[in-house]
Amino acid sequence: MSVATSAHEAENQMAAPGVDRLVLDLAIPPRPQIVAEIGDELRREDPDLKRIARVVASDVALTAAVLRIANSPAYGSSRKIETLGQALAMLGLKQIGVMVTGIVLRKLLRTDGPQLTRFWDVSAKRAWAMAALARSLRGVEVDVAQTFGLFCDVGIPLLMQRFPEYCRTLGAANSEPVRSFTAVEQDAHHADHALIGGLMARSWGVSQTVCLAIRVHHDYEILSDAKAPDAVRRLVAMTLLAERAIQAFAGMNTGTEWAKGGDAAMGALMLGEQDVDDWVERLLDGFSEGAA
């Protein structure tokens with residue numbers, strides 16, 4: 001399958017004949033029942049907080065994980081959160097939905113090795129950074145930005161599981177100065193993590209905006225595509241900025257993805273170079289303080 005060059009082409013790719021076979025071939029996990037139940041409740045006109053609390057409380061390990069995260073520096077609570085009810089009241093229903101999805105996602109895709117340890121660390125930092133950017137830059141709801149941050153690279157562990165040599169491909173894609181990241185993956189495996197991530201997000205009931213943004217997040221032509229939804233373009237631009245900060249935190253001074261799409265991202269977000277530097281510093285401060 002070729003790399004998407006427009007929002008319309010990306011939508012067609014995710015609906016093309018044969019993608020269902022790809023889902024099966026790569027063993028994309030189906031949406032767990034607990035995520036489905038919470039998602040269904042959140043889509044109601046008047047979601048029932050007590051019902052969501054009962055769904056989460058039915059899983060002891062999940063409840064413990066929610067409380068642990070609610071008490072983390074990322075949420076900055078002034079008092080210790082001791083009960084699920086307190087967590088729900090503090091965080092709100094949408095935030096609980098994102099949190100539960102992230103916890104379940106990590107449990108389902110858990111594999112050993114340093115590559116995956118770094119993957120989950122980057123995923124957490126990206127989701128936090130996307131939320132911080134969405135709060136200030138607007139144009140995208142915070143929970144939408146966080147969900148995108150969680151699912152953005154979820155295709156990577158799936159490709160690692162399917163192709164023993166994928167780590168070499170990942171290294172080549174990360175250092176490729178001209179071609180898109182996904183073009184390198186397609187050449188090696190006839191699949192790429194952006195497509196797989198978009199398909200998994202769709203099968204989990206994630207919004208079309210997030211699914212489309214995942215599919216095109218390495219195809220920076222989308223940033224100048226007037227027909228692409230504005231929220232999609234902003235998500236792709238924000239994740240480039242988030243990744244720049246994540247790389248800086250890891251001590252990496254150069255980034256091939258920012259070199260490919262940074263100028264277009266600044267245009268999409270209407271930021272100057274000083275704005276970008278200021279944002280990188282703000283995100284670095286958050287990472288240093290343990291917010292993610």
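The values are calculated or read from the model by the stated rules, or taken from the named source; none is laboratory data. Please read all numbers here as calculations on a predicted model, not as lab measurements. Counting neighbours? That spans all protein chains shown, and the Cβs are built from the backbone with ideal geometry, glycine included. Accessible surface areas use protein heavy atoms only, side chains included; no ligands, DNA or RNA. Shrake-Rupley method; radii C 1.70, N 1.55, O 1.52, S 1.80 Å.
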| remark: Of the listed residues (T117, T83), the one being over 25 Å from R244 (Cβ atoms) and not small (G, A, S) is T83
| task | Identify, from the list T182, T147, the residue that is in contact (Cβ under 8 Å) with a residue 60 or more places away in the chain and either among the charged types (D, E, K, R) or within 17 Å of L241 (Cα to Cα) (or both). | result | T147
| task | Would you check if A134 is buried (at least 24 other Cβ atoms within 10 Å of the Cβ) and in contact (Cβ under 8 Å) with a residue 24 or more places away in the chain? | result | no
| task | Could you pull out every one of the helices (runs of 4 or more DSSP H) wholly within the stretch 181-242 that has 1 or more residues that are surrounded by fewer than 24 Cβ atoms within 10 Å (Cβ to Cβ), among the small types (G, A, S) and at positive phi? | result | none
| request: Check F163, F148 and return the single one that is of a type in the set (F, W, Y), closer than 27 Å to Q208 by Cβ and either at pLDDT below 95 or buried (at least 22 other Cβ atoms within 10 Å of the Cβ) (or both). | output: F148
| message | Among the listed residues W120, W128, identify the single one that is in contact with a helix residue (DSSP H, G or I) (Cβ under 7 Å, 6 or more places away or on another chain), of a type outside the set (D, E) and in contact (Cβ under 8 Å) with a residue 40 or more places away in the chain. | response | W128
| task | Assess whether R126 counts as being of a type outside the set (F, W, Y) and surrounded by fewer than 19 Cβ atoms within 10 Å (Cβ to Cβ). | result | no
| note | Filter the stretch 42-75 for residues that are touching a residue at least 40 places away in the same chain (Cβ under 8 Å) and within 21 Å of R126 (Cα to Cα); the one that is most open to solvent (accessible area, probe 1.4 Å) is P73
